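Input: a single structure, listed below in structure tokens.
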């Protein structure tokens, strides 16, 4: 009899442990914690391999180099969660730098030029939103189209040439520091905080998750699905324009093709961060960690003198690994 | 008798994460037998069937076919043994032909090519077996009506050496005469010696088609009756244990007398409704009954602004003129709608119970610019208690609740706001008997509190049991109006009346 009781007690304990670990894995932040652990392991590996890696200067330079990518990924996260997608964001960044440089070259005040670039970015976002919502077109197709148009226009406007853009106040945005922290990094962090706050605490944040989680049900409940997505397309366009301004300020020049090639990194960061491409699921902190991981990977491999050709291979491998692991995690809950 | 025994499952046990779902369950089946498997949601029906079809593996117990023990470790094992499952939701390829849809799992080949002639011949043969001689195997699947697609799925299941066919809620969205067609097919298969396991919440169907009724409750066997020697009360009792009273609450003395809170004139939806007039009264349940395709299914959602190309002559809500625009405006006017397709149009599966409850009423839960989560959580806890929703708590993702409990949340979310009219579409579709009773009681209580309720249902018994007054639709027009409760047979005969040409 007593033996029997003991067995069931042991069984019970095993069950609760299994259940607890399942609950832990199922927690909404489990994915973010997994990324954090992965980031720490990565940092530890690079620290042992390179003495230069774990210095304040190097860490800050990672952040500052990734800032414009992080900015676009931060804005892209809620958009994808809400069921949208913006492939044109990096192209918007490209044309934004070109617009600033050309306006400035034509005697317009530098800050007014920046304002014009932001308005154009917002306008392109609104255009993307109007095409996807108004005509019910697939966002992949729409933004692939606008991406191509905008990239082409940047080249047409500049003849493919880099436009110099050197003016002190403006370049401070790219290379200035506040208490030792680079301005681009600070801008990115502020944007992340702002988007996190909106997503986590405001009714609009709820509409983001609801719109992507089940657009049909959301419409039946009177949730403004189209308006939610429209606003997020505009925000994505704005983020592209701001990223373009930051890159132009960092380089002291606007190259029409300077940002476009980073589009895949932006999308990769969002997906790596645990956001579902089908909408409804994801968090902006996951995206931030993913941006850090991708930046660290790049930086570490460069420090270790690995050819930049291999860096793309690594990036892709990490992305597939992370998404695979996340899928296993989600499946383990069922 | 013993030589007819086709399937014998005994002592089947299964737990998920330490929670027992099946405890020593036994189930047997003779060749050519139609057995109804009944039980409330969560009773273990689907788990047992998923074990039989190889989607789950059992923890303990034995399965024997033709008297010899078998192991079913994967769906492929089950298929090889002749066990076929017809899924609850359609799984068709609308752009392929009927023949391709039937043969998709076992395309006959000639070298590297699909042998189209053999495929069509085989498909034709299978369709013939089901009495569908008129259907060409070259028809594109997407052009067929829903119930014919269903039957093509049965043909697919019959391909090969099928011996047991599991049907999970096969009539969920079929109209009465389509159900008859399905029953004809079941009888044909039965005559061929194929055994059918029929899972349904509709007791009337169960009594019409099955030879035996097996009931599970809380993961255990709770009854095994020869259909001819039992009745609805006995079966219901086995399903819900000793929890049953009457399924429908009593009519209120005061209801039916309230003033009009909605008036609609000339509601028209291209291809569905032709100038329908109706009213909804305060404190009253107004029923709308009609078969699938009668237009009844469009009445609520078109009024709600969810159907394109809706026209209306005039309408008022709460005494004020109302124009149909978007669901958002309908909500502002004081309308709420619980949609028929719960998974697709009702719940946001990834969000929690708490978030699903508040989402249509965000202004109520907003303080300054942010969401008041504490208020959300206490409200959710309160409604879990009031509607006896079976959930771990407000933070459980709603997708993991049973259908009946999801429906209670869908109902509750409209009761938070300043609602004057609640439109309910098929409020108990796919909901088990226990939860149905609870939902009916809540609907009555809401009416008693002064809400105007528009109850739209293709289940005549539901309308008869609940509505204080009702209208019946057929062919897009109102064919009958009742100003007092009526019985199901009257509703059914009005619903099958041919529509008068407008």
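No value in this document is a laboratory result; all are computed from the given coordinates. Quick caveat, the model's predicted, so the values are computed rather than measured. Cβ: placed from backbone, ideal geometry, glycine included. Neighbour counts: every protein chain shown.
Inside 10 Å of the C-beta atoms of B:410-416, what's the mean count of C-beta atoms belonging to other chains?
Numbers: counts 3, 0, 0, 1, 1, 0, 0.
Per residue, the average neighbour count from other chains is 1.
Assuming a ≥ b ≥ c are the square roots of the Cα gyration tensor eigenvalues, decide whether segment A:44-141 counts as rounded (a/c under 1.5), prolate (otherwise, with a/b larger than b/c) or oblate.
On the way: a/c = 3.78, a/b = 1.39, b/c = 2.72.
Verdict is oblate for segment A:44-141.
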(request) Note the angle between two axes, namely the Cα long axis of helix B:433-448 and the longest principal axis of the Cα atoms of chain B, as a number of degrees from 0 to 90, rounded to the nearest 10. (result) 10
(request) Starting with the highest mean, order B:281-293, A:119-131 by the number of other Cβ atoms within 10 Å, averaged over the residues of each peptide. (result) B:281-293, A:119-131
(request) Sort B:112-124, B:157-169, B:343-355 for me by packing, meaning the mean count of neighbouring Cβ atoms within 10 Å per residue, highest on top. (result) B:343-355, B:157-169, B:112-124
(message) Please compute the modelled spin-label separation between residue A:257 and residue B:5, points set 7 Å along Cα→Cβ, answer in nm with one decimal.
(response) 7.8
(request) With springs connecting C-alpha atoms under 10 Å apart, model chain A as a Gaussian network and identify which of A:170, A:56, A:309 has the largest mean-square fluctuation. (result) A:309
(request) For helix A:263-272, report the angle its Cα long axis makes with the longest principal axis of the Cα atoms of chain A; keep it between 0 and 90° and round to the nearest 10°. (result) 20
(request) Would you order B:398, B:423 from fewest to most other beta-carbon atoms within 10 Å of each residue's own beta-carbon? (result) B:398, B:423
(message) What FRET efficiency comes out for residue B:136 versus residue A:168 if R0 is 60 angstrom and r is the Cβ-Cβ distance? Round to the nearest 0.05.
(response) 0.15
(message) Looking at chain A as a GNM with Cα springs under 10 Å, which of A:275, A:146, A:162 has the largest mean-square fluctuation?
(response) A:162
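Per 0.36 nm of contour for each residue apart, how much would the distance between residue B:385 and residue B:121 grow if the chain were fully extended, relative to their Cα-Cα spacing? Each step should come with its number before you reach the end.
On the way: separation 264, 0.36 × 264 = 95.04 nm, distance 5.85 nm.
Length gained between residue B:385 and residue B:121: 89.2 nm.
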(request) Let me have the 222 nm mean residue ellipticity of chain A computed from DSSP H runs of 4+ only, each contributing -39500 (n - 2.57), with the sum over all residues rounded to the nearest 500. (result) -26000 deg cm²/dmol
(request) Just tell me how shielded A:195-205 is by partners: mean number of partner chain Cβ atoms within 10 Å of each residue's Cβ, no decimals. (result) 3
(message) Which residue fluctuates most in the GNM of chain A (Cα springs below 10 Å): A:203, A:224, A:182?
(response) A:203
(request) Please report B:246, B:224 as a ranked list, fewest other C-beta atoms within 10 angstrom at the top and most at the bottom. (result) B:246, B:224
(request) Please check which bits of segment A:58-93 a label hung off residue A:302 would reach, taking the label as a point 7 Å along Cα-to-C-beta and the cut-off as backbone N under 17 Å. (result) A:58-71
(request) Kindly rank B:463-469, A:315-321 from highest to lowest mean number of other beta carbons found within 10 Å of each residue. (result) B:463-469, A:315-321
(message) Once each part is reduced to its C-alpha centroid, what is the distance from segment B:387-416 to segment B:78-151 in angstrom?
(response) 38
(request) Taking only the C-alpha atoms, wrap a convex hull around segment A:67-279 and report its volume per residue in Å³ as a whole number. (result) 111
(message) When a/c reaches 1.5 or more, the comparison of a/b and b/c decides; with that in mind, is segment B:2-243 rounded, prolate or oblate per its Cα gyration tensor?
(response) prolate
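Nearest 0.05, what FRET efficiency do residue A:140 and residue B:23 give at R0 = 51 Å with Cβ-Cβ as r? Please list the in-between numbers first.
Numbers: r = 49 Å, r/R0 = 0.96.
Efficiency, rounded to the nearest 0.05: 0.55.
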(message) Between segment B:39-76 and segment B:435-459, what is the separation of their alpha carbon centroids in Å?
(response) 38
(request) Compute the distance in nm between two label points, each set 7 Å from the Cα along the Cα-to-Cβ direction, one at residue A:175 and one at residue B:112. (result) 6.1
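So, R0 is 60 Å and r is the distance between the beta-carbons of residue B:208 and residue A:278; what FRET efficiency does that work out to, to 0.05?
Working: r = 41 Å, r/R0 = 0.69.
So, using R0 = 60 Å, E works out to roughly 0.90.
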(request) Could you please state, rounded to a whole Å, how far the C-alpha centre of segment A:148-215 is from the C-alpha centre of segment B:179-198? (result) 63
(request) Using 0.36 nm per residue of separation minus the Cα-Cα distance, give me the extension gain between residue B:60 and residue B:184 in nm, one decimal. (result) 40.9 nm
(message) How tilted is helix A:110-129 with respect to the longest principal axis of chain A? Cα atoms for both, answer in degrees (0 to 90, nearest 10).
(response) 50
(message) Could you give the length gained by full extension between residue B:143 and residue B:416, i.e. 0.36 nm per residue of separation minus their alpha carbon distance, to one decimal place?
(response) 94.1 nm
(request) Work out the mean other chain Cβ neighbour count within 10 Å for the residues of A:207-220 and drop it here as an integer. (result) 6
(request) Run the quick spin-label model on residue A:321 and residue B:448: label points 7 Å from Cα toward the beta carbon, then report their separation in nm to one decimal. (result) 6.3
